[in-house]
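The values are calculated or read from the model by the stated rules, or taken from the named source; none is laboratory data. As the structure is a computational prediction, the values presented were derived from the model and not from experiment. Cβ placement follows ideal geometry from the backbone for every residue including glycine, while neighbour counts extend to all protein chains displayed. Note: areas computed on protein heavy atoms with side chains; ligands, DNA, RNA excluded. Shrake-Rupley method; radii C 1.70, N 1.55, O 1.52, S 1.80 Å.
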Amino acid sequence: MSTAELAGKHLVLGMTGGIACYKIAELTRLLTKAGATVQVVMTDAATQFITPVTMQALSGRPVYTSQWDGRVPNNMAHIDLSRGADAIVIAPASTDFLAKLAHGFADDLLSTLCVARDCPLLVVPAMNRQMWSNPATQRNVAQLRADGIETLGPDSGPQACGEIGDGRMLEPAAVYEAITAFFTPKTLAGRRVLLTAGPTFEPIDPVRGITNRSSGKMGFALARAAQQAGADVHLVAGPVALDTPWGVYREDVQTAQQMHDAVMRAVPDYDVFIGVAAVADWRVDHVSAEKIKKTADRRIPEFAFVENPDILASVAALPHPPYCVGFAAESGDLDVHGEEKRVRKKVPLLIGNLGPLTFGLDDNEVILFEAGGRTKLPRADKQSLARALVAEIARRLPDQSIIS
Ligand code: C5P
């Protein structure tokens, strides 16, 4: 998450009764940390699970629970609290509350707020698996979807009651991701994006190998940004210690050859390819089956190297290539090498990292090289930069109707 990706957003966070209420403390923290203002409204049942005091402390705003609360100046909390809101999010959304929403009931503050809203409504169901699969609940959820209400989850897994199945609430981080995705312009709707990220690892023997200091952060941030912009995303990742972005299909590989093979298998189904991985240029010709040991005469081992396939150039050379984007991290003279690399690899767009020290850092500064010239983007954290790059890439894609 970047520091302020929800800056300027005002959310009404409605809580209804359920044990998942404890997770909303963490969700509130994630939302406020990202710059959103969060107005918490709780049903009576929700206050049985977590106190308004806790939610007030975390949101930094008074919490409302009653329609008759006199703190709103004109005494119209059910209208005023949602005015100016960018969305109402109901989390957790109980079986009972989904039923009320589906039928337009307005018999407490939160349900009245929802009926009187003039902003989008998102619900995050949380309930026992039998309650979720009950035909009445399923009927209500179908009605909510038909009414344009967004349903986030539910998840599947162990439940507070000890049973296992569908109905548990998405984890706070996943709800956070879904909310940020909801607010992201869908510039890549209908597009299929294939990316590589991270380093590769080229073994020398069963325990040693050659790798580099790429953390994968930029590639993972781009995968997340592309998914949030509406694309179907397939991420081929070298060895990195990063969580898979929500909604992204991830395939793990080790070597450049494996990365190449994974990309070439997948690429016919994709219309954009972004090569962010720092792929090893060479691998040792013969990988030792045994750990290479020191010898009595202290002989230094010698290795012969062979060149790895260039994944980006191979994709760009296909008869019907996707729109190809490369990255370059140079230790000097980016201005010369960036454009030279773009032309050599035959890609329409190459993104040059300004300064080689970007590996592992959380922020970056880049120049876009293309046939028409170059564009510098301001230094930013990698999540914000990824969003900016997705917008730049989306703008350059050929019209969808002419993609075969
Ligand atoms: O390593 P180099 O500077 O040539 O990398 C530039 C671009 O080419 C990057 O997008 C990288 O992911 C890609 N590349 C590749 N296969 C290689 C080497 C680099 O796809 N073997």
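Working with all protein chains in place, sort K9, K23 by solvent-accessible area computed with a 1.4 Å probe, largest first.
Result of the area sort, largest leading: K9, K23.
Beta carbons within 10 angstrom, averaged per residue: use that to sort the peptides 116-128, 163-175, highest first.
116-128, 163-175
Compare the peptides 373-386, 198-211 by average per-residue count of other Cβ atoms within 10 angstrom and give them in order, highest first.
The densest-packed peptide leads the list: 198-211, 373-386.
To the nearest 20 debye, what charge dipole does the chain have about its Cα centre, counting +1 at the Cβ of each Lys and Arg and -1 at the Cβ of each Asp and Glu?
In debye, rounded to 20, the chain gives about 260.
Put a dot 7 Å past each Cα toward the Cβ at D205 and C119; how far apart are the dots in nm?
It is 6.3 nm.
Near the amide H of T255, under 5 Å away, which other amide H atoms are found, from residues 5 or more places off or on another chain, if H is placed in the peptide plane?
Amide H neighbours of T255, under 5 Å, 5+ apart: F201.
Counting only protein heavy atoms and a 1.4 Å probe, tell me what percentage of the chain's accessible area is made up of carbon and sulfur.
Of the solvent-accessible surface of the chain, carbon and sulfur hold 53 percent.
Considering amide H positions built from the backbone, and no H for Pro or chain starts, which residues 5 or more places from R250, or on another chain, come under 5 Å of its amide H?
Answer set, sorted by chain and number: L235.
Could you work out the relative contact order of the range 10-183, using alpha carbon pairs under 8 angstrom and six or more residues apart, expressed as a whole percent?
22
Under the Kirkwood approximation applied to all pairs of distinct alpha-carbon atoms, what is the hydrodynamic radius of the range 245-404 in Å?
18.0
Could you sort 27-37, 230-240 so that the peptide with the highest average Cβ count within 10 Å comes first and the rest follow in order?
230-240, 27-37
What FRET efficiency do you get for D147 and Q56 if R0 is 25 Å and r is their Cβ-Cβ distance, rounded to the nearest 0.05?
Rounded to the nearest 0.05, the efficiency is 0.20.
Could you work out how far helix 135-146 tilts from the main Cα principal axis of the chain, as a 0 to 90 degree angle to the nearest 10?
70
Of the GluC sites (Glu not before Pro) in the range 269-307, which ones lie in a loop per DSSP and count no more than 16 other C-beta atoms within 10 Å?
E290, E302
Please list, by residue number, everything in the range 139-156 whose backbone N is under 20 Å from a paramagnetic label point 7 Å out along Cα→Cβ of F182.
So the set is 140-156.
How big is the Rg/Rh ratio for the chain, C-alpha atoms only, Rh by Kirkwood, two decimals?
1.07
Considering only Cα-Cα distances, which of the following residue pairs are longer than 27 Å: K33/K376; K186/K376; K100/K186; K33/K186; K33/K100?
Correct reply: K33/K376; K100/K186; K33/K100.
At R0 = 60 Å, how high is the FRET efficiency between I292 and H103 if r is their beta carbon distance? Nearest 0.05 is fine.
It comes to 0.25.
Could you go through the range 190-200 in sequence order and give the Karplus-derived ³J(HN,Hα) for each residue, using 6.51 cos²θ - 1.76 cosθ + 1.60 with θ = phi - 60°, rounded to whole Hz, and x for Gly and Pro?
Karplus-based 3J(HN,Hα) across the range 190-200 equals x, 8, 10, 10, 10, 10, 10, 8, x, x, 10 Hz.
Given a 1.4 Å probe, how much area per residue of the chain is accessible, in Å²?
With all protein chains present, the chain gives 47 Å² per residue.
Say the dipole of the chain comes from +1 at the beta carbon of Lys and Arg and -1 at that of Asp and Glu; which of T95, N134, P52 then lies farthest toward its positive end?
Farthest towards the positive end: P52.
What FRET efficiency comes out for the pair D243/R379, r = Cβ-Cβ distance, R0 = 22 Å, nearest 0.05?
Computed FRET efficiency for D243 and R379: 0.35.
Grab every C-alpha pair in the range 10-183, bin the distances at 10 angstrom width from 0 up to the longest one, and report whole percents.
10, 42, 38, 9, 0
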